[in-house]
Amino acid sequence: MIKSNLKLGDILIKQELLKKEQLEYALEEQGKKGGKLGEVLVTMEFVSETDIASALSKQLGVLFASLEKGLLRPNLHQGLEKIIPHDYARFHKVLPLSKHLNTMTVAMVDPLNLITIDDLMKMSGCDVNVVVATLADMNQALDDFYQSKDLKKKSIQEQFILMDGSESTRETKVDVRDIFSESEAAPVVKFVDLILSDAIEQGASDIHLEHFEARISLRYRVDGVLYDANPSDPKMYFAIISRMKILAKMDIAERRLPQDGGFSIAFGDKIIDVRASSIPTIFGEKMVMRLLDQAKLPLEFSYLGFDEYDLNIIRKEIFKPFGMVYVTGPTGSGKSTTMYTILNEIKTPRKNIITIEDPVEYKLDGINQVQVKPLIGLNFANSLRSFLRQDPDILMVGEVRDLETAQMCIRAALTGHLVLSTLHTNDAPTAITRIMDIGIEPFLLVSALRLVIAQRLIRRLCENCRKEVKQDVRYKDMDIKGPVYESKGCEKCRFTGFKGRVGIFELLPINEEIRNMIYYRKSSDEIRKRAEAIGMRSLYQCGVERIKQGMTTLEEVVAVTIAD
């Protein structure tokens, strides 16, 4: 705990909650009868319990957790009631809130009781982060938490959050919209539920909640673009962040370091997986939540935007028994979805398919998926070594980040396995030079590499309101014989003119000519020129095809590609 130089009484006076004369009188009474100053002040009705708890939080540098702000709600799925028994918690007025790695967050009425804190550390085997609460809130929260285990009362959080399927089975799926009618839900809980519900209904892929000097910002990313939403009262910001962290099984007391977590919610007949990430900024933590709708995206090539030209190249390579296939592009370009679609296309009961991912975004039936866990040494390279002893036919590696992982992928491809992976490069030819820059020798790469797919996502025109326009000078060299469309805007597309996204792709199959260029370490520009001369279609050219098909606009294509 970081203690303030100010004493409790001075903090109350500074906040204009207590007069100097009242403090002096209370100190006299404390000297006569004993006890703690805070208890004396409350008994004399000079201040409230909430005033004392708030002042203690400032004096000690700890969080003030209250029921009203929705912070005094323990994580119901960590077995906290077994770590701190009900009788002990009731007697000492302590409430376990969450456990993250080797740290447990505990609410206390008396955060200066070092003996109790020491007992909690021994009981839990963890370091203890203390937050302060009022006696009235503590008694209510103890009833809610421990009695809920006897089914006397369901907490709203238990209805809202669903256990991750990798750790336990989901027994109940509760519609998030039903939670809004719960009269016992605190305003902050209702607001977080509303944020999630609104984002899902708008088809958002991400939620951004940020704190700036004089305001807070709430934005949804829809079809790759961030849009402002109605933020909450700035006074609720930290309570909202803490609520989100509780849902995501993150440590609400840790504000200095980045954290990651996740949870799942039921929304109607859909299950939405939520990945949460927080980072500390100078004005407070920023929270980003990614929403993954398992049922929203059909894993089909045609849905992603691949045409017959693309599919002929892809299917020729992915059904080969061995070799490397790389999918490249920046973050958010749909690489993982393309990888899952390829796996969905080639999986059969006769193939043993294993993936190592960080994180596992979509769960596929019939495929063994493994989540990276760096804290226990389960990284890409170590996992691949084990995978090769599992008699695999096809391996998928979420991302090649270092030489060791790249070497394991190449080795697997050269020993009779089909290996799929991703890279962060701007185009297909650059992926080749990037792998060599990591440290892979050209003679190994030419033997293993089969195909590189570069991709981007562009917004798709709303078919309900798109408008046909006359071709101008911009379309002069595109050889567009049909109509050209631009965005207009209607209720169905939220007046943006776009609804959904479609992919554009650059496919580089590794033929004999490209292999020779790789072997002699030719530059990515030289490889590109030769590949285009023998038929490779660039990202820009693929975008032009989408314009011809009436799917998008020239502005969308140029925004994500380098025009020829």
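The values are calculated or read from the model by the stated rules, or taken from the named source; none is laboratory data. Quantities reported herein were computed from a predicted structural model and do not represent experimental measurements. All Cβ positions, even for glycine, are placed from backbone atoms using ideal geometry, and neighbour counts span all protein chains on display. SASA here: full protein model, heavy atoms, side chains in, ligands and nucleic acids out. Shrake-Rupley method; radii C 1.70, N 1.55, O 1.52, S 1.80 Å.
Annotation: aspartates and glutamates with alpha-carbon distance below 19 angstrom to residue 19 (same-chain offsets under eight excluded): 10, 28, 29, 39, 45, 49, 51.
Distance between the 7 Å Cα→Cβ label points at residue 378 and residue 391: 2.3 nm. Summed over the residues of the stretch 309-372 and divided among them, the accessible surface reaches 42 Å² per residue at a probe radius of 1.4 Å. Bridgeable aspartates and glutamates around residue 548 (alpha carbons under 19 Å apart, same-chain partners fewer than 8 residues away excluded): 307, 308, 310, 463, 468, 472, 477, 479, 486, 506, 556, 564.
Mean silhouette area of the stretch 346-436, derived from the convex hull of its C-alpha atoms and averaged over all directions, reads 6.5 nm². Between helix 539-548 and the chain, what is the angle of the helix's C-alpha long axis to the longest principal axis, kept within 0 to 90° and rounded to the nearest 10? With rounding to tens, the tilt is 80 degrees. Of the residues 514, 48, 195, the one whose Cα sits farthest toward the positive end of the charge dipole of the chain, with +1 on the Cβ of Lys and Arg and -1 on the Cβ of Asp and Glu, is 514.
With contributions of -39500 (n - 2.57) from each DSSP H run of at least four residues, the per-residue ellipticity at 222 nm computed over the chain stands at -10500 deg cm²/dmol.
In the stretch 211-265, the portion of solvent-accessible area held by carbon and sulfur atoms comes to 51 percent [1.4 Å probe, whole percent, DNA, RNA and ligands not counted]. Computed about its Cα centre, the charge dipole of the chain is approximately 960 debye, with only Lys, Arg, Asp and Glu carrying charge at their Cβ. Could you give the angle, 0 to 90 degrees to the nearest 10, between helix 49-60's Cα long axis and the longest principal axis of the Cα atoms of the chain? With both axes taken from Cα atoms, the answer is about 60 degrees. The alpha-carbon positions of the chain define a convex hull whose volume is 186 Å³ per residue. Ordering 343, 367, 387 by the projection of their Cα atoms onto the charge dipole of the stretch 268-418, which places +1 on the Cβ of Lys and Arg and -1 on the Cβ of Asp and Glu, puts 387 at the extreme positive end. Percent of alpha carbon pairs in the stretch 194-346 separated by more than 20 Å? Value for the stretch 194-346 (Cα pairs over 20 Å): 58 percent.
Legend: residue pairs 249/270; 69/492; 270/373, Cα-Cα distance threshold 31 Å; pairs beyond threshold, 69/492.
Diffusion of the stretch 458-564 by Stokes-Einstein, at 37 °C in a medium of 0.692 mPa s and with Rh set to the Kirkwood radius over alpha-carbon pairs, works out to 212 µm²/s.
Around the Cα centre of the stretch 342-399, unit charges on the Cβ atoms of Lys, Arg, Asp and Glu (plus for the first two, minus for the last two) sum to a dipole of about 240 debye.
Against the chain, whose longest principal axis comes from its Cα atoms, helix 335-346 is set at around 60 degrees.
For the stretch 412-436 versus the stretch 59-96, the inter-centroid distance based on Cα atoms is 49 Å. Taking other residues whose beta carbon is less than 13 angstrom from the beta carbon of residue 438, and scoring Lys, Arg as +1 and Asp, Glu as -1, yields -3. Among the cysteines of the chain, those whose beta-carbon sits 4.7 Å or more from every other cysteine beta-carbon are 126, 409, 542. Ordering 321, 505, 332 by the projection of their Cα atoms onto the charge dipole of the chain, which places +1 on the Cβ of Lys and Arg and -1 on the Cβ of Asp and Glu, puts 321 at the extreme positive end.
Charge tally for residue 403 (other residues, Cβ to Cβ under 13 Å; Lys, Arg +1; Asp, Glu -1): -1. The length gained by stretching the chain between residue 217 and residue 101 to full extension, at 0.36 nm per residue less their Cα-Cα distance, is 38.7 nm.
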